[in-house]
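Engineer: This structure is in structure tokens; I'll ask about it shortly.
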Amino acid sequence: MQRSLPELNALKSEHKLKFDVYAVHAEGESDRAIALMDSHDVHGKPWGIDFVFGSDALNERLSVAGYPSYYVIDDHARPVAVLIGHPDNTMDILDWLIIEAKKRR
């Protein structure tokens, strides 16, 4: 997540994201999570990404298998695709997953 969040934050601040992004902090409402949310990214930019506190119930519902994990969520709040890890072409893969998920509605 350390590498992916600043990248996503930059894309959001430049209005280049084609989808909504929510960063779920796996530790829940911890001091570390709050400190991250109240800080800036590694480039000194304020966070434009919406943060959510994680929980065991959320991790179980999504069957989280690793970090970072990217989930494509449908209009009914169901996960329809997942990408685990952060390959160099993460944004391309996410764009493709969203397109494929929309085809299957």
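The numbers here are math on the coordinates, done by the rules we state, and not lab data. These numbers come from a predicted model, not from an experiment. Backbone-built Cβ (ideal geometry, glycine too); neighbour counts: all protein chains shown.
Residue-by-condition table, conditions (1) over 14 Å from residue 21 (Cα atoms); (2) in contact with a Gly (Cβ under 7 Å, 6 or more places away or on another chain):
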residue	(1), (2)
38	yes, no
46	yes, no
49	no, no
63	yes, no
66	yes, yes
74	no, no
77	no, no
91	no, no
96	yes, no
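Engineer: In this structure, does residue 80 turn out to be within 17 Å of the chain's Cα centre (by Cα), without any contact (Cβ under 8 Å) to a residue 40 or more places away in the chain, more than 20 Å from residue 9 (Cα to Cα) and surrounded by 15 or more Cβ atoms within 10 Å (Cβ to Cβ)?
Structural biologist: Spelling it out, residue 80 is indeed within 17 Å of the chain's Cα centre (by Cα), without any contact (Cβ under 8 Å) to a residue 40 or more places away in the chain, more than 20 Å from residue 9 (Cα to Cα) and surrounded by 15 or more Cβ atoms within 10 Å (Cβ to Cβ).
Engineer: Would you tally the residues in region 30-63 being assigned to a loop (DSSP other than H, G, I, E, B), surrounded by 12 or more Cβ atoms within 10 Å (Cβ to Cβ) and among the charged types (D, E, K, R)?
Structural biologist: The number of residues fulfilling the criteria is 2.
Engineer: Among the residues of region 64-76, write down those that are among the hydrophobic types (A, V, I, L, M, F, W, C) and either loosely packed, with under 15 Cβ neighbours inside 10 Å or assigned to a strand (DSSP E or B) (or both).
Structural biologist: Within region 64-76, 65, 72, 73 qualify.
Engineer: A follow-up question, please. Might you let me know whether region 77-93 holds any residue that is acidic (Asp, Glu) and either farther than 21 Å from residue 7 by Cβ or in a strand (DSSP E or B) (or both)? So that I can check it myself, show each step before the final result.
Structural biologist: Within region 77-93, the first condition is being acidic (Asp, Glu), and the residues that meet it are 88, 92.
Then keep just the ones that are either farther than 21 Å from residue 7 by Cβ or in a strand (DSSP E or B) (or both); that gives none.
Within region 77-93, none of the residues are acidic (Asp, Glu) and either farther than 21 Å from residue 7 by Cβ or in a strand (DSSP E or B) (or both).
Engineer: Can you say whether residue 42 is touching a residue at least 12 places away in the same chain (Cβ under 8 Å), out of contact with any helix residue (DSSP H, G or I) (no Cβ under 6 Å at 6 or more places or on another chain) and of a type outside the set (S, T, N, Q), as far as the supplied structure shows?
Structural biologist: no
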